[in-house]
Amino acid sequence: LLLQHDIKRLLAYSSVENMGIVALGIGAGTPLGLYGALLHLINHAIGKSGLFYLSGILIQQYHSKQILRIHGIINTSPVLGGLFIALIMAVSGMPPFGIFLSKFVVIKAMFTNGSILTGSAALILLAGVFAGLVYYLFKMVFGAVPTGMEKKNTQWGIVLAVIVSMLLLTVTGLQVPAWLDRLLRSASEIVMGGNR
């Protein structure tokens, strides 16, 4: 993840990291861990789909998948730049977004279960992943505008889809809707054999 030069591969390795969080939640072997894992699957699907929408636009605008060639986004398209910052922060697990909550629940399940060493290692690795994503984010968003690159028109259809993703992540970050909470609790209990 920290050594990628291709934006699509960067996002793919970020997905691998997030599936590791899901595996930790399942591995905790508790209803809380399973709840966090299922919630994380949902949150990750919402956030990563938005990031892939944005990366597709950026690849079209910059005619490259290479991170080193994509820079100055905030100057060429302020709306996309702002959404890109927000989504990277959301997928990295910053509050108030849902991915923060689901990661928190999984890590809490690890510590509650007595897996303190594993939970601590996960926290350290998550900090490294966050640092890597923010490093790439700053290079892409705030770098100098490439020569000959002009301001781009905003593609409002995709922007709307990304805004919907952001709103959903904010909702699940502030408070999991009651219907979803019930569904996740029921699923966790089923997997645990009906025991709490």
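The values are calculated or read from the model by the stated rules, or taken from the named source; none is laboratory data. The model shown is predicted, which means the values in this text are computed figures rather than measured ones. Heads up, the Cβs are rebuilt from the backbone with ideal geometry, glycines too, and the neighbour counts pull from every protein chain shown. Areas reflect the complete protein model, heavy atoms only, side chains present, ligands, DNA and RNA absent. Shrake-Rupley method; radii C 1.70, N 1.55, O 1.52, S 1.80 Å.
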For Lys152, the lone unmet condition from (1) in contact with a helix residue (DSSP H, G or I) (Cβ under 8 Å, 6 or more places away or on another chain); (2) at pLDDT 80 or above is (2)
From the option list Leu137, Leu180, Leu167, Leu133, single residue qualifying as over 16 Å from Gly47 (Cα atoms) and out of contact with any strand residue (DSSP E or B) (no Cβ under 9 Å at 6 or more places or on another chain) is Leu180
By residue number, the members of the stretch 68-109 that are of a type in the set (Val, Ile, Thr), buried (at least 19 other Cβ atoms within 10 Å of the Cβ) and within 28 Å of Ile21 (Cα to Cα) are Ile88, Val91, Ile99, Val105, Val106, Ile107
Among the residues of the stretch 41-58, is any in contact with a strand residue (DSSP E or B) (Cβ under 8 Å, 6 or more places away or on another chain) and of a type in the set (Val, Ile, Thr)?
-> no
What do you reckon, is Thr154 free of Cβ contacts under 8 Å to residues at least 24 places away in the same chain, of a type in the set (Val, Ile, Thr) and either closer than 20 Å to Thr76 by Cα or in a loop (DSSP other than H, G, I, E, B) (or both)? no
Of the residues in the stretch 163-196 that are more than 27 Å from Gly50 (Cα to Cα), aliphatic (A, V, I, L, M) and out of contact with any Gly (no Cβ under 9 Å at 6 or more places or on another chain), the one that is most open to solvent (accessible area, probe 1.4 Å) is Ile190
Among residues of the stretch 118-149 being in contact (Cβ under 8 Å) with a residue 40 or more places away in the chain and outside any helix (DSSP H, G or I), the residue farthest from Gly33 (Cα to Cα) is Met149
Of (1) within 20 Å of Lys48 (Cα to Cα); (2) of a type outside the set (Gly, Ala, Ser); (3) modelled with pLDDT of 90 or more; (4) open to solvent by 80 Å² or more (accessible area, probe 1.4 Å), Thr112 fails just (1)
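For the stretch 60-76, give me each residue that is in contact with a Phe, Trp or Tyr (Cβ under 7 Å, 6 or more places away or on another chain) and either aliphatic (A, V, I, L, M) or closer than 13 Å to Lys152 by Cβ (or both). I'd like the intermediate steps shown before the answer.
Kept after step one, since they are in contact with a Phe, Trp or Tyr (Cβ under 7 Å, 6 or more places away or on another chain), are these residues of the stretch 60-76: 67, 69-70, 73-74.
Listed by number, the residues that qualify are Ile67, Ile70, Ile73, Ile74.
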Flagged pairs (Cβ under 8 angstrom, 6 or more apart or on separate chains; first in the stretch 1-15, of a type in the set (Lys, Arg); second surrounded by 14 or more Cβ atoms within 10 Å (Cβ to Cβ) and part of a loop (DSSP other than H, G, I, E, B)) are Lys8/Lys65
Exercise for review: State whether the residues of the stretch 45-59 include one that is over 30 Å from Asn153 (Cα atoms) and open to solvent by 40 Å² or more (accessible area, probe 1.4 Å).
Suggested key: no
Of the residues in the stretch 129-148 that are of a type in the set (Gly, Ala, Ser) and farther than 16 Å from Met89 by Cβ, the one that is least open to solvent (accessible area, probe 1.4 Å) is Gly143
